[in-house]
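The values are calculated or read from the model by the stated rules, or taken from the named source; none is laboratory data. What you see is a predicted model, and the numbers here were worked out from it, not measured in a lab. Glycine gets a Cβ as well: all are built from the backbone with ideal geometry, and neighbour counts include every protein chain shown.
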Amino acid sequence: YPWANWGYFPTNYALCNNISVSASVIQGILPGEKPELSSMWTMLGNPAASIAVPYWPVGDPPDKANGSPTAPLCDLANEVREVMYDDYDMPEWINSYKLLDTLDGGIWTFTFSSEDIILDSTETLMNNWRGLDSIPVNAMLDVEEYFAEMAYNSLDSVFGIYVGLEPLVESKDFKVYPNPVSNLLKIQIDQSLEIDKISIYNQMGQQLIHLGSGKNTLDVSSLHSGMYIIEVFNGDRRFVSKFIK
């Protein structure tokens, strides 16, 4: 498609397209296992903009996954969807740079991290539940609520970060080092540019550090071990990178 904008591709023939409203996968049980352990992994809202959360047939869904006519988690995912399908002249074309960009940023940077936590935690919980004599109904409902809240908060952070922001600027003169870092993180940026503000986010999209004045060295000793995203602004220019603590 030589006439299409760079980084966009059509989704009208894809399993997940611009009008997809949800996706579910049923994880069954083995012979002899309790039927209540059947899991329905569901992505409410457009799947490309949502996060998979497990639900079990033991009670009503949590508030974030329940609503009339649609659930809050679904509504928020569809708002994030509008960020990805941002060319109204080509409504079926998704902006791939909003998903993952060349500067280690993008919506999936946040949503995949949250989803990995949910997947790994659920596997551990399920292994524990299989060994119990009775189904821990209340615990399962609490887990549903916790994961739905986690998914919602992650999407809410993504929406706040990516809506209304200037596009990312690619620059060979922007980098953060050392990476991995222990205490002091240094920012290298073009000498002609001044840093107006800096924000650091965790993998769930939560803002942990925000500085309104330009500094080229940050004390990150208070951060726990893990991967983080740093966002640097110069006027209407925006630079994003990842670093490991």
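Summary table below
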read-out	value
LEU15 vs. criteria of a type in the set (A, V, I, L, M, F, W, C), over 16 Å from the mean Cα position of the chain (by Cα) and over 21 Å from LEU119 (Cα atoms)	yes
Within the stretch 93-108, considering residues that are in contact with a helix residue (DSSP H, G or I) (Cβ under 8 Å, 6 or more places away or on another chain) and part of a loop (DSSP other than H, G, I, E, B), the one modelled with the lowest pLDDT	GLY106
From the options ILE200, ILE244, ILE195, ILE189, residue that is surrounded by fewer than 19 Cβ atoms within 10 Å (Cβ to Cβ) and without any contact (Cβ under 8 Å) to a residue 60 or more places away in the chain	ILE195
Condition met for VAL58 (over 30 Å from ARG238 (Cα atoms) and of a type in the set (Val, Ile, Thr))	yes
When residues of the stretch 1-50 are limited to those that are part of a loop (DSSP other than H, G, I, E, B) and aromatic (Phe, Trp, Tyr), the one surrounded by the fewest Cβ atoms within 10 Å (Cβ to Cβ)	TRP3
Test: residue in the stretch 41-63 that is modelled with pLDDT under 90 and out of contact with any Ser or Thr (no Cβ under 9 Å at 6 or more places or on another chain)	no
Of residues in the stretch 51-70 being surrounded by fewer than 22 Cβ atoms within 10 Å (Cβ to Cβ) and among the small types (Gly, Ala, Ser), the one nearest to GLY7 (Cα to Cα)	ALA52
Qualifying residue in the stretch 72-92 (condition: crowded, with 20+ Cβ neighbours inside 10 Å, part of a loop (DSSP other than H, G, I, E, B), in contact with a helix residue (DSSP H, G or I) (Cβ under 9 Å, 6 or more places away or on another chain) and among the hydrophobic types (A, V, I, L, M, F, W, C))	no
Residues within the stretch 217-229 that are at pLDDT 85 or above and of a type outside the set (Ser, Thr, Tyr), tallied	5
